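> Shown below is the structure under consideration.
What follows draws every value from the coordinates through simple rules; no lab data is involved. Since the model is a prediction, treat every value here as computed from it, not as a measurement. Methodologically, a virtual Cβ is constructed for each residue, glycine included, from the backbone with ideal geometry; neighbour enumeration extends over all protein chains shown.
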Amino acid sequence: MLILTRKSGESIRIGNNIVISILESSSRYLKIGIDAPKSVAVYRNEIYEKIQEQNRAATASTTAQLGNALQGFKKSKPQDKIEE
Amino acid sequence: MNTEAQVAPNESVTSSNSFGGIPMTTFKNIELINGLPGFEDLHAFVLGDLEGYEPFCALQSLDEPDISMLVIEAKLLPIWKNIEIPPRELQILEVDKSEDSEQFIILRINHNTQEFTGNIKAPIVFNPKSGAGNQVILDNANLSVEHPMNNQIS
């Protein structure tokens with residue numbers, strides 16, 4: 001991992017079109033500004049990882065187990081109730 | 001790529017992995033621009049109704065026949081009222097307004113309760129005209145990745 005020391009107000013350029021700026025720092029947190037093209041998705045990493053985990057779990061559910069749950073759902077919950 | 005998985009819109013197919021063999025009527029091809037978190041290399045998907053289980057739908061990968069997810073249109077859920085997709089995300093999909101996009105929620109089974117939960121934190125959003133889509137992560141701490149869906153449905 002590349003490690004750089006930056007002060008508040010300074011920034012880092014990644015490639016030719018991504019700039020990460022340190023806007024504010026305190027003992028507890030850093031406020032970071034990110035300038036990147038729209039095509040570059042920016043996420044909080046722990047949230048991205050949570051979504052990855054959920055998606056993998058959702059595809060793992062796509063088995064007979066999910067089919068069974070759906071069968072049960074059809075019997076117990078009429079589909080027209082879903083719209084309140 | 002599995003050519004068998006490529007289906008024309010409105011063609012009824014029974015996918016080997018789709019929910020215990022429930023037939024699926026496809027209605028939309030979707031190109032997920034950034035792939036799906038956890039499946040970043042997969043871009044081509046098809047959305048289809050699960051016959052007899054509407055409004056449940058399946059989001060099926062065309063690249064990996066084993067990858068499919070149960071989804072439901074977000075606007076059918078009471079909690080979705082007042083949820084707006086951020087303008088930046090809409091611009092990427094070349095959609096002007098949030099209501100011009102289509103939004104789907106990925107469902108899964110909670111292994112402890114055996115009940116459905118929905119990832120309302122990260123809807124699949126797409127441009128219905130172009131089919132371009134993304135899984136958008138909403139910056140709203142009140143939205144859960146495992147929202148209980150049975151409360152929403154009953």
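> Any of B:K28/B:K75; A:K7/B:K121; A:K31/B:K121; A:K31/B:K97; A:K50/B:K81; A:K38/B:K97 with alpha carbons more than 27 Å apart? Name them for me.
A:K7/B:K121; A:K31/B:K97
> Counting partner chain Cβ atoms within 10 Å of every residue's Cβ in B:41-54, what's the average? The partial results should precede the final answer.
On the way: counts 0, 0, 0, 0, 0, 0, 0, 0, 0, 3, 0, 4, 6, 3.
Taking the mean over all residues of the peptide, I get 1.
> Can you give me the distance in nm between label points at A:I18 and A:Y48, each placed 7 Å from the Cα along the Cα-to-Cβ direction?
0.8
> Roughly how far apart, in whole Å, are the Cα centres of segment A:1-61 and segment B:41-78?
About 30 Å separates the Cα centre of segment A:1-61 from the one of segment B:41-78.
> Now for a separate question. Count, for each residue of A:27-34, the Cβ atoms from other chains sitting within 10 Å of its Cβ, then give me the mean as a whole number.
0
> Largest first and to the nearest Å, give the Cα extent of segment B:3-153 along each principal axis.
Per principal axis, max minus min of the Cα coordinates gives 39, 38, 26 Å.
> Inside 10 Å of the C-beta atoms of A:45-56, what's the mean count of C-beta atoms belonging to other chains? Intermediate results must be reported in sequence, preceding the final value.
On the way: counts 0, 0, 7, 4, 2, 7, 10, 5, 3, 13, 12, 6.
Averaged over the peptide's residues, the number is 6.
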